[in-house]
Amino acid sequence: MIQLRLFFLAGLLMAFLVSNQDQPIKIGLLIPDKEALAAKHGAELAIRKANRRGGYSGLPFQLIVRSAEGPWGAGSKESVSLVFDDEVVAFMGSLDGRNAHLAEQVATKTKLIFLSAWATEMTLSKAFVPWYFRCLPNDKQQAISLIQEVYIKRKIKNVAIIGTDNNDSENAVNTFIKIAKSKNVTLPEQFLYKKSDRNFQEIFTEIEKSNIEAILLFGDPVFASEIIPLFKQYNIQQPVFGSLSLMDDQKASSPDWSILEDVIMISSNQWFTGKGIAFQKEFQIEYGYQPGPAAAYAYDGVSVIIEVIKKAGPDRDKIIDAFSTVNYSGITGEIQFDENGNRIGNVGLMKISNGKPVPVEKDY
């Protein structure tokens, strides 16, 4: 009787192991809301391509998407669900800074890789969590690139920054000011655009009084679409520069290049690499619109996670160990991480000219 029970238990264990081996390898994705489909589409494309190549030892990869919309704290709740309900082996966030912090806290407590594919604020990498990584340039890297172009290359001294009362915009502006101080350049005039009272007239009047030579914008596409057309109306002719976030609201729509004509911005580079151009064509065929930076970084982020799993296996601890040694050639360029999880490398610039992005050559 005891032997029969042992054989029965052994059979159950074997059946569990076999069924577990047949399970797909799950990768999580957090998006800000259900309409923010750009990152989802980019991540899906990476998953589909990996599965066409055999997945991991014959097991398919599966993307689990959850939305952080709703009451404050929803990002944390959905992160917990990805870890414990969906049992993902790693997860990525195409989130703003506040929600990315919530996801990072869950990753910290559960010891699971969290890769940020949209949040750029500096404090995310200052928590020194060994399993936090970021696959796009942070606020500091963007600030350095803009300062080099504006102050050093173009020798412009009198600069105005226009930001919004959005948390991410405020963090980006504060980082820019901090870096400007460290570079000993003339600190820019700061202006805050308040959506509640649409104080453009006040801002433009002050810019005219201050003999400003260049304008830097830190905000989202809605902000850009409201303020940039008014420059001509108010005869603002100074060159305009902007952060990465200006061109992408993560919706399933092509970037509106006409609004951004002549603006020089941080570039995600997918328009200028061979892999990036191929990605854009495939994405356009699949989803019917041109992919912006959010889709490109989500594609690269999931591709990096897949590459690590292929090398280290789906074990969570081994994935963590392997992530710090990543050296991956993506559609946005080479991807490596420093000791704090930030992406290493120079940040490119581009200009919208005749409705198309073109690279800005650097000589510094």
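Based on this model, can you work out whether residue 69 counts as closer than 26 Å to residue 296 by Cβ and at pLDDT below 95?
yes
Assess whether residue 68 counts as being without any contact (Cβ under 8 Å) to a residue 60 or more places away in the chain, surrounded by 20 or more Cβ atoms within 10 Å (Cβ to Cβ) and aliphatic (A, V, I, L, M). It would help to see each step written out before you state the result.
Values: without any contact (Cβ under 8 Å) to a residue 60 or more places away in the chain: yes; surrounded by 20 or more Cβ atoms within 10 Å (Cβ to Cβ): yes; aliphatic (A, V, I, L, M): yes.
It is true that residue 68 is without any contact (Cβ under 8 Å) to a residue 60 or more places away in the chain, surrounded by 20 or more Cβ atoms within 10 Å (Cβ to Cβ) and aliphatic (A, V, I, L, M).
Determine whether the range 167-175 contains at least one residue that is in contact with a Leu (Cβ under 8 Å, 6 or more places away or on another chain) and assigned by TED's automatic domain parsing to the domain that holds residue 238.
From the range 167-175, those in contact with a Leu (Cβ under 8 Å, 6 or more places away or on another chain) are none; that's our starting set.
No, the range 167-175 contains no residue that is in contact with a Leu (Cβ under 8 Å, 6 or more places away or on another chain) and assigned by TED's automatic domain parsing to the domain that holds residue 238.
Quick one: residue 109 ticks every box in (1) closer than 30 Å to residue 86 by Cβ; (2) free of Cβ contacts under 8 Å to residues at least 24 places away in the same chain; (3) within 18 Å of the chain's Cα centre (by Cα) except a single one, so which number is it?
Of (1) closer than 30 Å to residue 86 by Cβ; (2) free of Cβ contacts under 8 Å to residues at least 24 places away in the same chain; (3) within 18 Å of the chain's Cα centre (by Cα), only one is false for residue 109: (3).
Restricting to the range 83-103, name every residue that is under 23 Å from residue 318 (Cβ atoms) and assigned to a helix (DSSP H, G or I). Explain how you work it out, then say what you get.
From the range 83-103, those under 23 Å from residue 318 (Cβ atoms) are 83-93, 103; that's our starting set.
83, 84, 85, 103 - these are the residues of the range 83-103 that are under 23 Å from residue 318 (Cβ atoms) and assigned to a helix (DSSP H, G or I).
Looking at (1) within 19 Å of residue 129 (Cβ to Cβ); (2) buried (at least 16 other Cβ atoms within 10 Å of the Cβ); (3) free of Cβ contacts under 8 Å to residues at least 24 places away in the same chain, which is the only condition residue 318 fails?
(2)
Among 136, 146, which is the only one that is over 17 Å from the mean Cα position of the chain (by Cα) and modelled with pLDDT of 95 or more?
None of the other options fit; the residue is 146.
Please tell me if residue 222 is crowded, with 24+ Cβ neighbours inside 10 Å, in a helix (DSSP H, G or I) and out of contact with any Ser or Thr (no Cβ under 8 Å at 6 or more places or on another chain). Lay out the reasoning, then the answer.
On the way: crowded, with 24+ Cβ neighbours inside 10 Å: no; in a helix (DSSP H, G or I): yes; out of contact with any Ser or Thr (no Cβ under 8 Å at 6 or more places or on another chain): yes.
No; evaluated as a whole, the condition is false for this residue.
With respect to the numbered conditions (1) assigned to a helix (DSSP H, G or I); (2) on the phi > 0 side of the Ramachandran plot, which one is the sole condition not fulfilled by residue 250?
Going through (1) assigned to a helix (DSSP H, G or I); (2) on the phi > 0 side of the Ramachandran plot one by one, residue 250 breaks only (1).
For the range 327-347, which residues satisfy the criterion of being in a loop (DSSP other than H, G, I, E, B), buried (at least 20 other Cβ atoms within 10 Å of the Cβ) and of a type outside the set (S, T, N, Q)?
331, 341, 347
Restricting the search to the range 123-145, which residues are within 21 Å of residue 110 (Cα to Cα) and in a helix (DSSP H, G or I)?
Correct list: 123, 124, 125, 126, 127.
Where the second residue is modelled with pLDDT of 90 or more and in a loop (DSSP other than H, G, I, E, B) and the first is on the phi > 0 side of the Ramachandran plot and lies in the range 205-230, which pairs have Cβ atoms under 6 Å and are six or more apart or on separate chains?
211/158
Residues in the range 104-112: is at least one in a loop (DSSP other than H, G, I, E, B) and outside the structural domain of residue 174 (by TED's automatic domain parsing)?
Checked the range 104-112: at least one residue is in a loop (DSSP other than H, G, I, E, B) and outside the structural domain of residue 174 (by TED's automatic domain parsing).
Give the number of residues within the range 49-76 that are basic (Lys, Arg) and part of a loop (DSSP other than H, G, I, E, B). Before the answer, list the steps.
Of the range 49-76, the ones basic (Lys, Arg) are 49, 52-53, 66.
Within this subset, residues satisfying the condition of being part of a loop (DSSP other than H, G, I, E, B) are 53.
The qualifying residues number 1.
Output the residue which, of all residues in the range 227-236 that are touching a helix residue (DSSP H, G or I) at 6+ places or on another chain (Cβ under 8 Å) and surrounded by fewer than 16 Cβ atoms within 10 Å (Cβ to Cβ), is modelled with the lowest pLDDT.
Step by step, filter the range 227-236, then rank; the result is 234.
In the range 274-322, how many are assigned to a loop (DSSP other than H, G, I, E, B) and over 18 Å from the mean Cα position of the chain (by Cα)? Break it down into steps so the answer makes sense when it comes.
Going through the range 274-322, the residues assigned to a loop (DSSP other than H, G, I, E, B) turn out to be 288-292, 313-315.
In the following step, the residues that additionally are over 18 Å from the mean Cα position of the chain (by Cα) were identified as 288-289, 313-315.
Count: 5.
Considering only the range 130-140, I want to know if a residue exists there that is buried (at least 17 other Cβ atoms within 10 Å of the Cβ) and basic (Lys, Arg).
yes
Residues of the range 200-218 being at pLDDT below 95 and either of a type in the set (D, E, K, R) or within 21 Å of the chain's Cα centre (by Cα) (or both), which ones?
Result: 202, 206, 208, 209.
If I filter the range 19-46 down to residues being in contact with a Ser or Thr (Cβ under 9 Å, 6 or more places away or on another chain) and hydrophobic (A, V, I, L, M, F, W, C), which single residue comes out as nearest to residue 290 (Cα to Cα)?
38
Give the residues of the range 181-219 that are among the acidic types (Asp, Glu), part of a loop (DSSP other than H, G, I, E, B) and surrounded by 13 or more Cβ atoms within 10 Å (Cβ to Cβ), sorted by residue number.
The answer is 213, and nothing else.
The values are calculated or read from the model by the stated rules, or taken from the named source; none is laboratory data. Model, not experiment: these values are computed from the prediction. FYI the Cβ positions are ideal-geometry reconstructions off the backbone, even for glycines, and counts take in every protein chain you see.
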